[in-house]
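The values are calculated or read from the model by the stated rules, or taken from the named source; none is laboratory data. All values derive from a computational prediction rather than experimental measurement. Cβ sites come from the backbone with ideal geometry, for glycine too, and all protein chains shown count toward neighbours.
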There are 2 protein chains.
Amino acid sequence: MKLEEIGNQPCSIARALSEVGDGWSLMLVRDAFYGRTRFSDFVTYSGAQKTIVSDRLKRLVADGIFERVEYEQHPIRHEYRLTDKGADLAHVMLALSAWGDRWLDNGKGAPIRITHTECAHDAGPRITCGHCAGELDAGNLRAEPGPGFPANGPAIFGQHS
Amino acid sequence: MKLEEIGNQPCSIARALSEVGDGWSLMLVRDAFYGRTRFSDFVTYSGAQKTIVSDRLKRLVADGIFERVEYEQHPIRHEYRLTDKGADLAHVMLALSAWGDRWLDNGKGAPIRITHTECAHDAGPRITCGHCAGELDAGNLRAEPGPGFPANGPAIFGQHS
């Protein structure tokens, strides 16, 4: 199976990864969060080869995560901006960033500080329950079929098949 | 540049993606969150080919995200369990899941319900500022060099290079 095909699974993680699971795609989304909009900058800062950047941007535009916008008419030039759907990946970026800060900082502290501009302090994101506001972690979550799970869906949960 | 090499960048998102940016790796982490521990189950539920599952599990063990544990002695059999570092990817999983629920549910509702076991309600994760508890989103975050950013680090921020 190709990675793009896992979106057929009745699981929002699989579906999300079918669109942004390729690491280079998430690097381009990162670059966009860091203010980049131009093809040449995506190449410079992601570290990906031009052909990869070109391919991934095309797919991300097709999936409605980036939009390709003309910003100059003579000559015609385009830039790439996150759509609402793309900007909504902010929480994925924050979660990856916080995990990297905790486990991969080589003891030197966070390489990048993310500030919450409304209070001007470190965002230091907390992931909390929408109902009781308690902290969520691997130890207090349970996954089970939801309203959109098909009647004959695969047994993706459970300890052993 | 290969995806594994982006971990050289002074950015926790890039470092995180250098270890888990490959979509299949995140699918295996997902399967572990859904209770899977055995090689054959990872193959069945991720949708990846055996050779890919084998390769990714090796890398994830090398990076300390999974540990390979003997669970039977005659014959010797191993299973794969998330380490503390791996379990700490719960927030990345929640963020991907919530994004997929919002943008890729085909109008049918969330395929999987994630319950916060401490209050027994939908986890419906909120990502809030560790300082003021305000909601974090793409519109109220600013990234800038942090304590671990090298003096001669690359100009990864900014609108145009």
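Couple of notes before you dig in:
- Just one of (1) outside any strand (DSSP E or B); (2) in contact (Cβ under 8 Å) with a residue 24 or more places away in the chain; (3) over 15 Å from residue B:21 (Cα atoms) fails for residue A:29. It is (3).
- Flag if residue B:130 is surrounded by 14 or more Cβ atoms within 10 Å (Cβ to Cβ), in contact (Cβ under 8 Å) with a residue 40 or more places away in the chain and under 24 Å from the mean Cα position of the chain (by Cα): no
- Filter pass, residue B:58 being part of a helix (DSSP H, G or I) and within 8 Å of chain A (Cβ to nearest Cβ): no
- Taken residue by residue, the range A:101-121 has no member that is among the small types (Gly, Ala, Ser), closer than 24 Å to residue B:123 by Cα and crowded, with 17+ Cβ neighbours inside 10 Å.
- Any hit, the range B:147-161, residues being within 22 Å of residue A:138 (Cα to Cα), among the small types (Gly, Ala, Ser) and within 7 Å of chain A (Cβ to nearest Cβ): no
- Residues of the range A:1-36 that turn out to be among the aliphatic types (A, V, I, L, M), more than 17 Å from residue B:91 (Cα to Cα) and under 13 Å from the mean Cα position of the chain (by Cα), as a count: 4
- Selection from the range A:17-26 of residues that are touching a Leu at 6+ places or on another chain (Cβ under 7 Å), assigned to a helix (DSSP H, G or I) and in contact (Cβ under 8 Å) with a residue 12 or more places away in the chain: A:17, A:18, A:20, A:24, A:25, A:26
- The range B:71-122, residues that are part of a loop (DSSP other than H, G, I, E, B), at the interface with chain A (Cβ under 7 Å from one of its Cβ atoms) and over 24 Å from residue B:23 (Cα atoms): B:108, B:117, B:118, B:119
- Residue within the range A:91-105 that is touching a Cys at 6+ places or on another chain (Cβ under 6 Å), touching a residue at least 12 places away in the same chain (Cβ under 8 Å) and of a type outside the set (S, T, N, Q) present: no
- Of the set (1) of a type in the set (Val, Ile, Thr); (2) free of Cβ contacts under 8 Å to residues at least 24 places away in the same chain; (3) away from chain A (no Cβ under 11 Å), all apply to residue B:53 but (2).
- Boolean, residue A:143 is surrounded by 14 or more Cβ atoms within 10 Å (Cβ to Cβ), modelled with pLDDT of 90 or more and not in a strand (DSSP E or B): no
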